[in-house]
1. Limited to the range 14-45, what total is found for residues that are of a type in the set (S, T, N, Q) and either closer than 10 Å to residue 57 by Cα or surrounded by 13 or more Cβ atoms within 10 Å (Cβ to Cβ) (or both)?
2. Could you check the range 5-61 and list, in sequence order, the residues that are free of Cβ contacts under 8 Å to residues at least 40 places away in the same chain and in a strand (DSSP E or B)?
3. Could you run through the range 50-91 and say how many residues are hydrophobic (A, V, I, L, M, F, W, C), surrounded by 15 or more Cβ atoms within 10 Å (Cβ to Cβ), touching a strand residue (DSSP E or B) at 6+ places or on another chain (Cβ under 9 Å) and under 30 Å from residue 16 (Cα atoms)?
4. Report every pair of residues separated by at least 6 positions or lying on different chains whose Cβ atoms are under 6 Å apart, first residue within the range 87-113 and in contact (Cβ under 8 Å) with a residue 24 or more places away in the chain, second basic (Lys, Arg) and assigned to a loop (DSSP other than H, G, I, E, B).
5. Of everything in the range 1-31, what is closer than 13 Å to residue 113 by Cα and among the polar types (S, T, N, Q)? Give them in sequence order.
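Rule-based calculations on the coordinates, nothing more; no lab input. All of these numbers come straight from a predicted model, not from anything done at the bench. Cβ placement follows ideal geometry from the backbone for every residue including glycine, while neighbour counts extend to all protein chains displayed.
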Amino acid sequence: MHELGILYNMAKTVTKIAEENNIDNVTEIYLEIGSLKGIVPQFLDEAFPYVAGQFPCIEKAVLKYRVIPAKGLCDDCNAIYDLCDNEGICPRCHSRNKKVLSGDDITIVQISG
């Protein structure tokens, strides 16, 4: 369950940002999670209260997120396509040569306090 490690890193980062901005209590954390990260939303939802309880400034925060689709650009025919739906293979020319355009990051978009 790598969701736990991701949540701990996020909690440390949010705590640092909150301290730098004189926020005593974070009320909401909003993330964008790339679908290539393989995160199971149910595990994220279940583990967040446990992790948040170990960081006083986020212990009452609500975690919100949206999953960003994995998009790729085919190096051979320039088609843009969903990497997960097509198992990384271009649906137009069947090439595996690609550049990942989105869906490979986890970003803290907003912190409210």
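1. Looking only at that region, the number is 4.
2. none
3. 6
4. none
5. Listed by number, the residues that qualify are 15, 21, 22, 25, 27.
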